[in-house]
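Please read the structure below before turning to the comments.
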Amino acid sequence: MPADQASQASAAPPVAVPPRRARTTRGAAAVEAAWQIVENEGADALTMRRLAEELGIKAPSLYKHFPDKAALEAALIEDALLEMGAALHAAVARPGRRSPVAALLAAYRRQALQHPHLYRLATAGPLAREALADGVEDWAGQPFYLVTGDPYAAQALFAFAHGMVILEIDNRFPPGSDLDRTWRAAAVSFAH
């Protein structure tokens, strides 16, 4: 969660889901097909030519809907943030027997591990925020503030969750590491 997001997240109550940027029918189909390519093979497999082949059209036709690959990736990132945000907001709203922090962390981990290539696309490298629908990034990150009540604790919790997930996706923990226990320890620590 970026610093500007942390300060904006302090608007306490959850806000409505922000609408995604408008897409043509063909544009929406292109994003769905691109999602599947990235989901199955990683972001490097996504090219405009490959996407056009998947859709059964010529690559130049895609440029009627997305000016370039970066715009297509921004649409994927927007969708990934909306999906992650929905899972996190639901976890915080209905934590069950877990603490809200534990529920949030479990949902974050589950989403990221279920969609590692999309997660990496959405969270690695610079983010072209101006290419996303207004409020999407803030809304997706707001649950971190909702469970901590503090913008800096929210950033710290997000940084922990992101770091753990990336290390887990990359299989960088030493053999025998009890990651479930590490996640539980963090939930207890951040709940205080």
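Being closer than 30 Å to Arg181 by Cβ and surrounded by 15 or more Cβ atoms within 10 Å (Cβ to Cβ): is that true of Ala29 here?
Here the answer is no, as Ala29 does not meet what is asked.
Please indicate, with yes or no, whether at least one residue in the range 153-164 is on the phi > 0 side of the Ramachandran plot and within 16 Å of the chain's Cα centre (by Cα).
no
Of all residues in the range 32-89, which are polar (S, T, N, Q) and not in a helix (DSSP H, G or I)?
Listed by number, the list holds a single entry, Thr47.
Do we have Ala87 as within 19 Å of Leu157 (Cα to Cα), of a type in the set (A, V, I, L, M, F, W, C) and in contact with a Lys or Arg (Cβ under 9 Å, 6 or more places away or on another chain) here?
Yes.
Any idea which of (1) under 24 Å from Thr123 (Cβ atoms); (2) at pLDDT below 95; (3) loosely packed, with under 15 Cβ neighbours inside 10 Å is the one Met1 doesn't satisfy?
(3)
Would you tally the residues in the range 67-78 being within 16 Å of Arg26 (Cα to Cα) and among the acidic types (Asp, Glu)?
Residues meeting the conditions: 2.
The values are calculated or read from the model by the stated rules, or taken from the named source; none is laboratory data. Here the structure is a predicted model, which is why all the values come from computation and not from measurement. We place every Cβ from the backbone using ideal geometry, glycine too, and count neighbours over all the protein chains shown.
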